[in-house]
Amino acid sequence: ARAQITWFNMTGPSDDPCFDACVGPSPIYPAELAAAFPGRVLALPADLYVFEPELWSADGLDLPLAGSPPVARNGHFTFGSLSHPYKIGGACIALWAKVLRAVPGSRLHLGNGAVDDVDTVARLCDGFAREGVSPDRIDFSYRFGWPRYLAGYTEIDVVLGTYPVAGGTTIFEAAHMGLPVLSRLAPTSLGRIGGWLEAATGRAGIAHASDESFVAEAMRLADAPRELAELRAGEPARLRAKSRTDAPRMAAAFMEQIAKRFGLGV
């Protein structure tokens, strides 16, 4: 009989018994979560980083360069996110507002296409106002088309991951372009993607188990312009090289897990 396997993704792994196994990086399946999928978790090594959007350049979709940190030209520090606003609910707004209150003069850049929706903008502005952050500190902008959308990262100094559902592709994009990423861990697998990104990239300070740690790292980065510039200059090439190395490692790890689970020869 054929085996049905679900890969971890933004819809989350399914505990439906119709699936024989679920595959995903080990940081999203700590013991307390793996227990929900008894005997079915096929955990891949934590340090595997396989993300290479440059492969799309064959279709003319070239990855833009992040350039220098925008604080150098703007005179103020900019936190931001290109995640879809549906992930920016009350808990996320409260967390990000703590960061904005802790870094005087800082701004928030939101650059997903849904910010063109007036109701969405109103909801977000009202939410931040309730948390003591004036809406005039928030910039809404969207550039249509994938390369131009990614260029939105040139307007951000530090990316804030959404919470409690973490950013997925968006935080990998940001890290790949050399931006620091902050992610607040949550109790679900979808809330632990930041832990995967930290392990995969080998960059400490991405995943945080408390609001206090998240805010403290944001404050530290806001006072570390040299570190920001060094990341943007060096990380894209390092992570591209790591991705090329880790791709065959991931394939081998996947096949090994399948073989063990279903008693097949590799």
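The values are calculated or read from the model by the stated rules, or taken from the named source; none is laboratory data. Fair warning: this is a prediction, and the values are worked out from it, not measured in the lab. Here Cβ is always computed from backbone atoms with ideal geometry, including for glycine, and neighbour counts include all displayed protein chains. All accessible areas refer to the heavy atoms of the entire protein, side chains included, with ligands and DNA or RNA removed. Shrake-Rupley method; radii C 1.70, N 1.55, O 1.52, S 1.80 Å.
How much net charge surrounds Gly132 when only the other residues with a Cβ under 10 Å from the Cβ of Gly132 are counted, with Lys and Arg +1 and Asp and Glu -1?
Working: positive: Lys98, Arg101, Arg130; negative: Glu131.
That works out to +2.
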Inset, instruction - Can you spot the lysines whose alpha carbon is less than 28 Å from Lys260's alpha carbon? Ignore those fewer than 8 places along the same chain. - result: Lys242
Legend entry - Correct choice for semi-axes √(5λ) of the Cα gyration tensor in Å that was computed from the model, options [x] 37, 22, 16; [y] 33, 21, 17; [z] 22, 22, 18: [y]
Inset, instruction - Take the alpha carbon gyration tensor of the range 138-218, find the square roots of its eigenvalues, order them as a ≥ b ≥ c, and report rounded if a/c is under 1.5; if not, report prolate when a/b exceeds b/c, else oblate. - result: prolate
Legend entry - Gaussian network model of the chain, springs between alpha carbon atoms under 10 Å - residue of Ala251, Ala46, Ala207 with greatest fluctuation: Ala251
Legend entry - Fluctuation leader among Ala241, Ala97, Ala186 - the chain, Gaussian network, Cα springs under 10 angstrom: Ala241
Legend entry - Nonlocal amide H pairs with Arg143, under 5 Å, H built at 1.01 Å: none
Legend entry - the range 17-25 - phi-based ³J(HN,Hα) in whole Hz, Karplus 6.51/-1.76/1.60, Gly and Pro as x: x, 5, 8, 7, 7, 10, 10, x, x
Inset, instruction - For every other residue with a beta carbon closer than 13 angstrom to the beta carbon of Val71, add +1 if it is Lys or Arg and -1 if Asp or Glu, then tell me the sum. - result: 0
Inset, instruction - Specify the residue with the greatest mean-square fluctuation among Gly161, Gly80, Gly202, computed from a Gaussian network of the chain linking alpha-carbon atoms under 10 Å apart. - result: Gly202
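From the helices alone, meaning DSSP H stretches of at least four residues, give me the mean residue ellipticity at 222 nm for the chain, per-run term -39500 (n - 2.57), in deg cm²/dmol to the nearest 500. Before the final figure, lay out the partial values.
Values: 9 runs with 106 residues, N = 266.
Estimated from H runs of four or more residues: -12500 deg cm²/dmol.
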Inset, instruction - For every other residue with a beta carbon closer than 13 angstrom to the beta carbon of Leu110, add +1 if it is Lys or Arg and -1 if Asp or Glu, then tell me the sum. - result: +1
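Expected output is a single nm value to one decimal: the length gained when fully extending between Asp211 and Trp7, i.e. 0.36 nm times separation in residues minus the C-alpha distance. What is it? Please list the in-between numbers first.
Details: separation 204, 0.36 × 204 = 73.44 nm, distance 2.95 nm.
Taking Asp211 through Trp7 to full extension adds about 70.5 nm, to one decimal.
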Legend entry - Relative counts (whole %) of C-alpha pair distances in the range 74-227, using bins that are 5 Å wide: 2, 10, 21, 25, 23, 15, 5, 1
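What do you reckon, how do Cys18, Cys125 stack up by accessible area (1.4 Å probe), largest on top? Kindly include the intermediate steps, with their values, before the conclusion.
On the way: Cys18 65, Cys125 25 Å².
Listed by decreasing accessible area, they come as Cys18, Cys125.
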Inset, instruction - Search the structure for amide H atoms under 5 Å from the amide H of Thr78, placed 1.01 Å from N in the peptide plane, and list their residues when 5 or more places away or on another chain. - result: Val71, Arg107, Asp157, Val158
Legend entry - Accessible area of the chain belonging to carbon and sulfur atoms, whole % at 1.4 Å probe: 57 percent
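Gain in length, Asp136 to Asp116, computed as 0.36 nm per residue apart minus the alpha-carbon separation, to one decimal in nm? All intermediate terms of the calculation are to be shown ahead of the outcome.
Values: separation 20, 0.36 × 20 = 7.20 nm, distance 1.65 nm.
That pair, Asp136 and Asp116, stretches by 5.5 nm at full extension.
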